[in-house]
Amino acid sequence: MSAAASADYEMVVGLEVHVQLKTRTKAFCGCSADFGAPPNTNVCPVCLALPGALPVLNQHAVELAVGAALALDCKVNATSVFARKNYFYPDLPKGYQISQYDRPLAEKGWLTIGELDDGTPVRVGITRVHMEEDAGKSVHDRYAGATAIDLNRAGVPLIEIVSEPDMRSAADAGAYLRLLKQILSYSGVSDVSMEAGSLRVDANVSARIRGTTELGTKTEVKNMNSFSAVERALDAEFARQVALLESGGTVTQQTMLWDGAKGETRPARSKEESHDYRYFPEPDLPPLVLDMEWVARVGRAIPELPDARRKRMIEDYEISAADAELLTASAGMSEYFEAVARASLDPKAALNWVMGEVSAAVNAAGVPIDEFPVRPADLAELLRMVREEVVSHTAAKRVFARMVETGKPAAQVAAEEGLQKVGDDAALVGWIDEVLLENPAEAARYRSGETKLQGVLVGLVMKKSKGRADPRKVNQLLPERARA
Amino acid sequence: MKSPPPRAPASAAKLLSRPLTECVASVREGAALPSDLVSAAFDRADDIGAGGESLNVFLATDRDRATGHAQELTALIGRAEAPGNLAGVPVAVKDNIATLNMPTTCGSRILEGYVSPFEATVVRRLRANGAVIIGKTNMDEFAMGSSTENSAYGPTRNPVDIRRVPGGSSGGSAAAVAGGIVRLALGSETGGSVRQPASFCGIVGVKPTYGRVSRYGLVAFGSSLDQVGVLARTVEDAAIGLEVIAGCDQFDSTSADVPVPRYELEKNAGLKGLVIGKPREYFPEGLNPRIAQECERALEAYRELGAKVREVSLPNTAYSIPVYYIVAPAEASSNLARFDGVRYGLRVPSERGLTGMYEATRARGFGPEVTRRILLGTYVLSAGYYDAYYKKAQSVRALIAQDFRDVFASGVDVLFTPTTPTPAFELGAVKDPYEMYLSDIFTASANLAGVPAMSIPIGGARGLPVGGQIIAPHFAESVMFRAAFGLERALAGELLPGEKSA
Ligand SMILES: [Zn+2]
C-alpha cells in the first residue's frame, strides 16, 4: 500500500465497551461478585441455572448503571426491557444471557474527547447504555484433555456502552477510552480495570474514501487487552482493509481477533462468528420501570466529573490548565491534591509534591492512592514544617521517604531521624570546619577571593549535615570560618 | 429382607376420604396421627397399583422420609405448636416442581436422577403448613402434552377408567387425587394442564391468576404462561390448598404483591346476584352433545339459585391455540437450552467435540414432543421470522386478554364454559399432535390472558367425568370460588338456607 493511497482513506471507528459495575452481589442473585475467589464458590441455583431458578434484579446494579448513563449525558428511559440473548456455550449456564435489546436503559449521550484548532469540541456520540450479565469462564489449561468451567463470574452485572461510529483515528479511540474510563471511575460505578476484566473493548472498524459520507463494510475487532492494544489493532485492521480495497477487493463483515504478538488481526474461527441470537423479551423479569425523580436523585449524587473538576481546580488553586489536566487524570490523585492543598493552605507546594514525590512513590509502590500510607493531612504537616523552616527542603524529602515506609506522621519521623534543621552555631561551625579541612584546594581558592565557590562549600556542608544544617546560617558563617 | 410396612388403621384410611378440614382437625385434636395418614396414602397407592405398571402415578416416592416428617409433625403438635392449615395431610407434587431430597425429572430422560439442591417456594409453603410430601407425580415430559402419554417413564392411566388417559400434563397429580391416594396435589399449567386432567378425572383443578403463586422452583416451560395450580376432590379443599401456596415471593419477580383472601370463606356466600357469562365461542355447533348437555344443566342450576346467565362474546378465542403454540414453544426453546449436558443431568459423550456432545445429549435426552416444540420455538424466534410469528402472536395475545377485560368490564362476574371438548380418551387414541393440541382449546386463553380459571366436575358422559370451567378476572379468585362453591352444592342437590329448591 502506498502512503498516498492510505492518505486517501479515512478510518471510521465505533466502540462497544463492557464495564463491570461495582456491586457487592451479582445482577440477578445474592452471590458475591468479588473477583478472584476459588472457582465455583460464588454460585447458587440462580447463577448455576438449576431447573426452576429465577432471576431477581439487583437494585444497586440499576442505580450504578443509571449513574453511568447520566455521567455520559444519556437520556435514561423510564421503561426499559430485559431480553434473552440465546446461544449455546459451556460457560453460559442458562443457554441465554439476560441483556437489554430494543428497549435499553439509556440512549443518546456523548463524550467530548478534545477540541479542534478553532476550539470546536470533538464529540463522540453514545448510542446506548444497557444492562446485562456476564458469562462464566472456560479454563482450558487446568486438566489435560478437558475444559473446566468456573461460574463465579456468571451473572456479574455489566453495562455495555455503545458509541456512534464517530471516531476517525486510533488516537481518537484511545482518547475516548481514556476519558470514558476516567468518567466511570470518577462516578464510582466501576473499578474499570482491564487487567481484572472489569473493562473490555470491542471495536467496529471500516475504511472509506476521504470526503465520502457513506459507511464502508465494517469488521468487529475483539481480543484487545489494553488501550494501546486497541490503538495498534485499529491501525492494523485499517491498513488491512485499505490494502484490500486498493487491490480491488471487498471487505467482508466478520469478526477479527487481534494478535498482539504478531501485530495483526486475523479472522475469528467460525464459532466466534455472529449468531442468530433469537432475542425476545425476558419473561421472568418485568419491564424495568424507573421513577424519574429517583433517576434525578441518582444524577445529583454523581460525584464531580473530570471536566468540572479541572475547571474548578484552575480557579480554586490558581494552577495551570496543564497541571489541572495531569492531576485529574485520576480521581484519587486529584482528591489527594485537594486535601493536601486545603490542609496546608499552600496549593503551589501541594501541587509540586503531589505531582512529584507522591506520584512517583505511588507508582513505585503500585498501590491505589487511597491505600497510600502517607495521608494528605500528614503531607500537609510536612509542608508546614518546610514553610516554617523546621526542616530543610532536602531533609523534607528524606522525611517523606520514611513516612512512605513507616506511615508515621511527619513530626515524629523528623524527630526520630534527627532531621530537624540545626541552627546551633557550634554544630554548624564544626561541620564548616570539617568541610574546609577536607577540601583544602577549594578552601584556598575561596579564601583567595573566588566567591562563587561559596555555593559549592555550602552544598558540601548541607551534605555532611544530611540536610539538617540551616543553609541561611551556613552562608553567614562560612566567610568568617574561612578566614579563621 | 425388609418386612412390609404396617398398614394404617382403618380410621385413617377413612379419614383420607373426608374433607381436608376434617383430616386436619383430627390431627390437631390427636384423634389421628400424621404417620397414620401417610401410611393410609401409601396403602391406597399400593391397593390401586399406583406405583407399578398399572396406573403409574408416581415417578418417585419416599415412604421413610414422609414417615419421618409425619413423626416430626406429631412432636410439634405434642408441643402445642401451630402445625399449620394442612397439618399431617399427605400431598403429591408434580415432578416439575423442585423438592429437596427427591428427584425432580420433569418426566424427562435428560433429568434422570437429578435431585434438586433447593426447594420450590410452593413446596416450602406446603411443608411450613404441615403438609407431608409423599411423592413426585408423573407428567408429560416438561409439561408438554395433554394426556400424560409423553412421559419418558411411561403413561399414567386414569383411575376412573384405566384404558383411558388421565389428561395432561399434570395427569399423575390428577390420578393421585382421583385415585384417593391424596386429598391434595400440586400440578402446573401452561395451557390447561391442571384443569384438563381435573376434568378427565372428575376432580377440581385450579389455575390461579398469573403472579398469584410463586414460580420459584417450578421448572420453566413457558415462563409467561406457567402457574402452579392445585388439584383436589372438592372446591373447599382446593381453596384451602391455594391459600397455602399463594402470595408474593421475593424470589419470583413476576409474583404479585396482592393480599391473599381466605377463599374458603366464599363457601356460604351464595349465588344471588352473580352474573355468569356464557361465551358463545365456547359453545360451538358440533360441541360434544353430552358435554353441551352437562353444561346446560350447570347453567340451569345457576339460574335456579339466583345467578343471572348472560350470553357474551370473546371474539378472539379462535386464535388462542395458534397463539399459544407460538408463544409457549418460543419460551420453551429458550428455557430448555440449559439442559445441555454440561452441569447436571444426562451427558452423552461424542467424538465430535462440544457441539457433538450437545447434540447427542439433547437428541437422546428429549422426547419427540419436546423436540418438536423446541424446533418450532427456535424457528418462530429466528431472524426473519420473529416479526411474522412471535411478535404477531404477542399482539394477538394482547387482544385475547383485552376480550376478557371487556367482558368483565361489562358487568359479568365470571364466565362459565366446558373445560374440555371431549371426555377422557383412550390411551394411544389421539396420534396427530395437532388434534392433541385441541384438547386445550377451552383452557389456553386463560393462560394467555393470565386470568384465574378452574375446572369442577359437573356430571358424567357414559361413565366418564365432565368438567365445567369457571373463569374470573385477574386476582378475583374469591368470586371464582364463590361461583364454584355454589355450583358444586347445587349439583349435589344441597342448598343454603334461603336458596330456592329446584
Ligand atoms: Zn448466584
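The values are calculated or read from the model by the stated rules, or taken from the named source; none is laboratory data. Note that the structure is a prediction, hence the values are computed from the model and not measured. Cβ placement follows ideal geometry from the backbone for every residue including glycine, while neighbour counts extend to all protein chains displayed. Ligands, DNA and RNA are stripped out before the accessible areas are found, and what is left, the full protein with its side chains, is counted by its heavy atoms. Shrake-Rupley method; radii C 1.70, N 1.55, O 1.52, S 1.80 Å.
In table form, for the structure just shown:
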{"read-out": "Cα→Cβ-extended label distance, 7 Å offset, between B:ALA25 and A:VAL289, nm", "value": "4.5"}
{"read-out": "Complex-versus-alone comparison for segment A:26-72, residues with a loss of 50 Å² or more in accessible area, probe 1.4 Å", "value": "A:LEU50, A:PRO51, A:GLY52, A:LEU54, A:VAL56"}
{"read-out": "Ranked order, B:THR371, B:THR104 - accessible area, probe 1.4 Å, largest first", "value": "B:THR371, B:THR104"}
{"read-out": "Given charges at beta-carbon only (K, R positive; D, E negative), |dipole| of segment B:157-264 in Debye", "value": "460"}
{"read-out": "Cα→Cβ-extended label distance, 7 Å offset, between B:GLU112 and A:ASP73, nm", "value": "6.2"}
{"read-out": "Chain A, relative contact order [Cα under 8 Å, separation at least 6], %", "value": "14"}
{"read-out": "The protein assembly as shown: C-alpha gyration tensor shape, a/c 1.5 cut-off, then a/b vs b/c", "value": "prolate"}
{"read-out": "Förster-model FRET efficiency, 30 Å R0, B:VAL258 and A:GLN59, C-beta, rounded to 0.05", "value": "0.90"}
{"read-out": "Hz values of 3J(HN,Hα) by residue in segment A:175-191 - Karplus curve (6.51, -1.76, 1.60), Gly and Pro given as x", "value": "5, 4, 5, 5, 5, 4, 4, 4, 5, 5, 5, 4, 7, x, 8, 7, 7"}
{"read-out": "Cα-based reach from B:LYS278 at 19 Å (exclusive), listing lysines while leaving out same-chain residues under 8 positions away", "value": "B:LYS308"}
{"read-out": "A/B buried area, accessible surface, summed, 1.4 Å probe, Å²", "value": "2700"}
{"read-out": "Accessible area of chain B belonging to carbon and sulfur atoms, whole % at 1.4 Å probe", "value": "54"}
{"read-out": "Label-to-label distance, nm, for residues given as A:ARG210 and A:ALA308 (7 Å Cα→Cβ offset)", "value": "4.0"}
{"read-out": "Accessible area in square angstrom per residue, segment A:29-93, 1.4 angstrom probe", "value": "33"}
{"read-out": "Unsatisfied cross-links (Cα-Cα over 25 Å) in the set A:LYS137/B:LYS94; A:LYS397/A:LYS452; A:LYS26/A:LYS311; A:LYS397/A:LYS464", "value": "A:LYS137/B:LYS94; A:LYS397/A:LYS452; A:LYS26/A:LYS311"}
{"read-out": "Environment charge at B:ASP249 (Cβ cut-off 11 Å; Lys +1, Arg +1, Asp -1, Glu -1)", "value": "+2"}
{"read-out": "Percent carbon-and-sulfur accessible area, chain A, ignoring ligands, DNA and RNA, probe 1.4 Å", "value": "52"}
{"read-out": "Segment B:125-166-segment B:372-446 distance, computed between alpha-carbon centres (Å)", "value": "22"}
{"read-out": "Estimated vicinal HN-Hα couplings, Hz - segment A:27-34 in sequence order (Karplus 6.51, -1.76, 1.60; Gly, Pro = x)", "value": "5, 10, 7, x, 5, 5, 9, 4"}
{"read-out": "From phi via Karplus (6.51, -1.76, 1.60), per-residue ³J(HN,Hα) for segment A:295-301 in Hz, x at Gly/Pro", "value": "4, 5, 5, 4, x, 5, 7"}
{"read-out": "CD proxy at 222 nm, helix term only [per DSSP H run n ≥ 4: -39500 (n - 2.57); per residue of chain A; nearest 500]", "value": "-12000 deg cm²/dmol"}
{"read-out": "Accessible area of B:ASP387 in the full protein assembly, 1.4 Å probe (Å², nearest 10)", "value": "100"}
{"read-out": "Cα-based reach from A:LYS466 at 20 Å (exclusive), listing aspartates and glutamates while leaving out same-chain residues under 8 positions away", "value": "A:GLU357, A:GLU388, A:GLU389, A:GLU405, A:GLU416, A:GLU417, A:ASP424, A:ASP425, A:ASP433, A:GLU434, A:GLU438"}
{"read-out": "Partner chain coverage, peptide B:359-368 - average Cβ within 10 angstrom", "value": "0"}
{"read-out": "Average accessible area per residue (Å²) across segment A:228-384 - probe 1.4 Å, nucleic acids and ligands excluded", "value": "51"}
{"read-out": "Full-extension gain in nm, A:ASP191 to A:GLU417, via 0.36 nm per residue minus C-alpha separation", "value": "77.5 nm"}
{"read-out": "Chain A: angle of helix A:59-71 to the longest principal axis, Cα-based, in degrees nearest 10", "value": "70"}
{"read-out": "Shape of segment B:222-364, Cα gyration tensor, a/c cut at 1.5", "value": "prolate"}
{"read-out": "Set of aspartates and glutamates near A:LYS85 by C-alpha distance (under 16 Å), chain-local residues within fewer than 8 positions excluded", "value": "A:ASP102, A:GLU132, A:GLU133, A:ASP134, A:GLU160, A:GLU272, A:GLU273, A:ASP276, A:GLU282, A:ASP284, B:GLU331"}
{"read-out": "Local electrostatic count at A:TYR336 - Lys and Arg +1, Asp and Glu -1, tallied over other residues with Cβ under 10 Å", "value": "-2"}
{"read-out": "Amide H contacts under 5 Å for B:GLU112, placed H, 5+ residues apart", "value": "B:LEU346"}
{"read-out": "At R0 = 45 Å, FRET efficiency that the Cβ-Cβ distance of A:THR406 and B:ALA398 yields, to 0.05", "value": "0.05"}
{"read-out": "Shielded residues, segment B:332-358 - accessible-area loss of 30 Å² or more between chain alone and all protein chains, probe 1.4 Å", "value": "B:SER334, B:ALA337, B:ARG338, B:VAL342, B:ARG343, B:TYR344, B:LEU354, B:TYR358"}
{"read-out": "Residues along segment B:100-131 losing 50 Å² or more of accessible surface when the other protein chains are present rather than the chain by itself (probe 1.4 Å)", "value": "B:PHE118"}
{"read-out": "Expected 222 nm ellipticity per residue - DSSP helices of 4 or more, -39500 (n - 2.57), all of chain B, to 500", "value": "-11000 deg cm²/dmol"}
{"read-out": "Amide hydrogen neighbours beyond the local backbone of A:ALA469, cut-off 5 Å, H modeled", "value": "A:VAL422"}
{"read-out": "For B:GLY460, distant residues with modelled amide H under 5 Å away", "value": "B:VAL466"}
{"read-out": "B:SER17-A:ALA301 FRET efficiency (beta carbon distance; Förster radius 60 Å; 0.05 resolution)", "value": "0.40"}
{"read-out": "Virtual paramagnetic centre 7 Å along Cα→Cβ of A:ARG266, amide N under 13 Å, in segment A:223-257", "value": "A:256-257"}
